[in-house]
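Asks: I have a structure I would like to understand better, so I am pasting it below and will then ask my questions one at a time.
The values are calculated or read from the model by the stated rules, or taken from the named source; none is laboratory data. Just so we're clear, the structure is a prediction, and the values are computed from it rather than from any experiment. A quick note on method: Cβ atoms are made from the backbone with ideal geometry, for glycine too, and the neighbour counts reach across all protein chains shown. Calculation scope for accessible area: heavy atoms of the full protein, side chains included, ligands and nucleic acids excluded. Shrake-Rupley method; radii C 1.70, N 1.55, O 1.52, S 1.80 Å.
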Amino acid sequence: DTAVSQTPKYLVTQMGNDKSIKCEQNLGHDTMYWYKQDSKKFLKIMFSYNNKELIINETVPNRFSPKSPDKAHLNLHINSLELGDSAVYFCASSQSPPGLGTDTQYFGPGTRLTVL
Amino acid sequence: GNSVTQMEGPVTLSEEAFLTINCTYTATGYPSLFWYVQYPGEGLQLLLKATKADDKGSNKGFEATYRKETTSFHLEKGSVQVSDSAVYFCALSEHTNAGKSTFGDGTTLTVKP
């Protein structure tokens with residue numbers, strides 16, 4: 001059984017379009033995250049939700065909007081896509097409630113976004 | 001703020017060589033420390049972790065010891081295999097701030113037969 005799944009795995013689109021990436025976890029975790037990994041493999045956190053509530057919102061353009069319909073899902077919607085948005089986007093989850101900090105994060109397989 | 005500094009890569013070794021990937025950190029409190037591994041085309045997965053000073057994490061022949069006095073968490077393996085070729089990330093997670101994690105820049109390891 002896949003613990004953290006993302007769809008789609010690949011996404012190729014034109015500049016200016018709007019797209020969404022979906023993430024689901026079946027681990028019963030309370031916290032979910034979105035990360036962006038650039039071509040040099042640098043990993044940057046974008047957002048984190050705990051029980052559907054936004055708890056981390058890094059410096060990310062407001063074209064990026066996360067949505068958590070329930071604690072098992074965290075989707076990422078991107079408006080007006082730009083060339084610089086091309087990257088691999090990873091969803092992750094952890095059991096940790098705020099402040100615990102010891103829990104492992106479980107990552108999805110990634111979505112490779114290419115903006116042409 | 002918190003930060004994690006990893007040894008720059010890429011690192012290329014021959015099979016059965018000894019591996020060390022250095023990792024040092026700065027944090028305001030007493031974080032938990034992690035090593036994650038990313039195999040080609042996949043997401044990150046936990047390799048090992050340590051939650052307090054002097055703890056040693058180990059898995060698949062890899063190990064790392066949480067050294068508070070030197071703020072380090074160096075990854076070691078005595079004899080690497082071709083299948084260890086991957087990107088390795090050192091990370092810390094605070095016991096505050098919603099458990100937010102800070103990742104290093106990753107070190108790419110290539111092991112040649």
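Asks: Would you list which aspartates and glutamates come within 17 Å of B:K68, measuring only between C-alpha atoms, while excluding same-chain residues fewer than 8 positions from it?
Replies: B:D54, B:D55, B:E94
Asks: When ligands, DNA and RNA are left out and all protein chains stay put, how many square angstrom of accessible area per residue does the range B:1-70 have with a 1.4 Å probe?
Replies: Ligands and nucleic acids excluded, the result is 53 Å² per residue.
Asks: Round to the nearest 0.05 the FRET efficiency obtained for A:L116 and B:Y39 when R0 = 25 Å and r is the Cβ-Cβ distance.
Replies: 0.35
Asks: Which whole-number percent of Cα pairs in the protein assembly as shown have a distance greater than 34 Å?
Replies: Beyond 34 Å sits 14 percent of the P(r) for the protein assembly as shown.
Asks: Taking chain B as a Gaussian network, Cα atoms linked when under 10 Å apart, which of B:K49, B:K68, B:K60 shows the biggest mean-square fluctuation?
Replies: B:K60
Asks: Using +1 at the Cβ of each Lys and Arg and -1 at the Cβ of each Asp and Glu in the range B:11-113, identify which of B:Y30, B:P113, B:G61 lies farthest towards the dipole's positive end.
Replies: B:Y30
Asks: Relative contact order of the range B:19-72, please, whole-number percent, based on alpha carbon pairs below 8 angstrom and at least 6 residues apart.
Replies: Normalised by residue count, the contact order of the range B:19-72 is 30 percent.
Asks: Of the listed pairs A:K52/B:K60; A:K40/B:K112; A:K19/B:K49; A:K40/B:K100; A:K36/B:K112, which have alpha-carbon separations greater than 31 Å here?
Replies: A:K52/B:K60; A:K19/B:K49
Asks: Looking at chain A, which longest stretch skips every one of the trypsin sites (Lys or Arg not before Pro) that is in a DSSP loop with at most 15 other Cβ atoms within 10 Å, leaving the sites themselves out?
Replies: A:64-116
Asks: Can I ask one more? So, with +1 on the Cβ of K and R and -1 on the Cβ of D and E, and no other charges, what is the size of the charge dipole of the range B:4-102 about its Cα centre, to the nearest 20 debye?
Replies: That gives the range B:4-102 a dipole magnitude of about 340 debye.
Asks: Now for a separate question. Counting only heavy atoms of the protein chains, get the accessible area per residue of the range A:31-116 (1.4 Å probe) and round it to a whole Å² value.
Replies: Per-residue accessible area for the range A:31-116 comes out at 44 Å².
Asks: Still on this model: Chains B and A: buried accessible surface, both sides, probe 1.4 Å, rounded to 100 Å²?
Replies: By this definition, chains B and A bury close to 1800 Å².
Asks: What percent do you get for the relative contact order of chain A when only Cα pairs under 8 Å and 6+ apart count?
Replies: So the answer I get is 36 percent.
Asks: Another question, if that's okay. Using the eigenvalues of the Cα gyration tensor, what equivalent ellipsoid semi-axes result for chain B when each is taken as the square root of five times the eigenvalue, whole Å, largest first?
Replies: Value: 24, 14, 12 Å, ordered largest first.
Asks: Okay, next question. Once the Cα gyration tensor of the range A:7-99 is found, what semi-axes does its equivalent ellipsoid get, as square roots of 5 times the eigenvalues, in whole Å, sorted largest first?
Replies: Here the semi-axes work out to 23, 13, 12 Å.
Asks: Give, rounded to the nearest 20 debye, the magnitude of the charge dipole that chain A has about its Cα centre when Lys and Arg contribute +1 at Cβ and Asp and Glu contribute -1 at Cβ.
Replies: I would put it at about 300 debye.
Asks: Still on this structure, please answer the following. Quick one: with all protein chains in place, what share of the accessible area of chain B is carbon or sulfur, to the nearest percent (1.4 Å probe)?
Replies: Exposed carbon and sulfur together represent 47 percent of the surface.
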